[in-house]
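The values are calculated or read from the model by the stated rules, or taken from the named source; none is laboratory data. These numbers were taken from a predicted model, which means no experiment stands behind them. Every residue, glycine as well, gets a Cβ built from its backbone with ideal geometry; the counts of neighbours run over all protein chains shown. Ligands, DNA and RNA are stripped out before the accessible areas are found, and what is left, the full protein with its side chains, is counted by its heavy atoms. Shrake-Rupley method; radii C 1.70, N 1.55, O 1.52, S 1.80 Å.
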Amino acid sequence: IASMHDEFLGVGVDVIETNTFGAFAVPLDEYGIADRAFELNKAAAEIAVGVAADHASPEYPRWVAGSIGPGTKLPSLGQISYRDLATAYEVQAAGLLEGGVDLLIIETMYDLLTLKAAVAACRRAMQATGREVPLQVQITIETTGRMLPGTEIGAALAAIEPLGPDVIGLNCATGPQEMDES
């Protein structure tokens, strides 16, 4: 993982992501290691932060984004409770923050309730650790112009904006041409 970060930074990338997209209790439980979520996230953050520091200079700083993905169970479909999901995300975010990430990125979200649980968890983890970092959220829009459960992009933005993320973006499911409504 350190070598991968090193290669990205070596070609001029400014921000690298931790290798923690699915490193929270819900997906980790499928492998019998849910209890290691904090440890794994802290270690992943420390690895990325260390490599970024090796490439940084006062003129050219480098940053680390703590990656938080959607997981394998949706509260909107009743597969997991909002509380259980938010608790799992809070442990992940706390590990990333303790490991020294510069921002948290909640990415590839295709369910608004999952996104809300992750945002609330990140805010609680920031308060608990005493570290406030920028928060970026990214939703995934399908070729239908909607999120997987059917939420259209305008409604998604209306629901996300009051959560107060520092950055809102799109990623993954389609390319830029498919995301353009014109």
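Working value for region 56-182: equivalent-ellipsoid semi-axes of 25, 20, 11 Å, each the square root of 5 times a Cα gyration tensor eigenvalue, largest first. Of CYS172, CYS122, the residue with the largest accessible area leads and the full order is CYS172, CYS122 (1.4 Å probe). The C-alpha atoms of region 25-126 occupy a region whose extents along the principal axes are 49, 27, 21 Å, arranged from largest to smallest. Put simply, the amide H of GLN138, placed in the peptide plane, has neighbours under 5 Å in ILE106, GLU107, THR108, MET109, GLY169, leaving out anything fewer than 5 places away on its chain.
Springs join every pair of Cα atoms under 10 Å in this Gaussian network model of the chain, and among SER76, SER57, SER67 the largest mean-square fluctuation is at SER57.
Work out the FRET efficiency for CYS172 and GLN79 from their Cβ-Cβ distance, taking R0 = 25 Å, and round it to the nearest 0.05. Each step should come with its number before you reach the end.
Details: r = 20 Å, r/R0 = 0.82.
Efficiency, from the Cβ-Cβ distance: 0.75.
Summing Cβ point charges (Lys, Arg +1; Asp, Glu -1) relative to the Cα centre of region 71-182 gives a dipole of roughly 460 debye. Placing a label point 7 Å from the Cα of GLU59 along the Cα-to-Cβ direction, the residues of region 1-19 whose backbone N falls under 20 Å from that point are 9-15.
Averaged over every viewing direction, what's the projected area of the C-alpha convex hull for region 1-48? Give it in nm², one decimal, please.
Numbers: hull surface 13.4 nm².
Quarter of the Cα hull surface area: 3.4 nm².
Eigenvalues of the alpha-carbon gyration tensor of region 110-161, scaled by 5 and square-rooted, set the equivalent ellipsoid semi-axes at 26, 9, 8 angstrom, largest first. Normalised by the number of residues in region 1-122, the mean separation of alpha-carbon contacts (under 8 Å, six or more apart) gives a relative contact order of 30 percent. Projecting label points 7 angstrom from Cα along Cα→Cβ for VAL15 and GLU161 puts them 2.1 nm apart.
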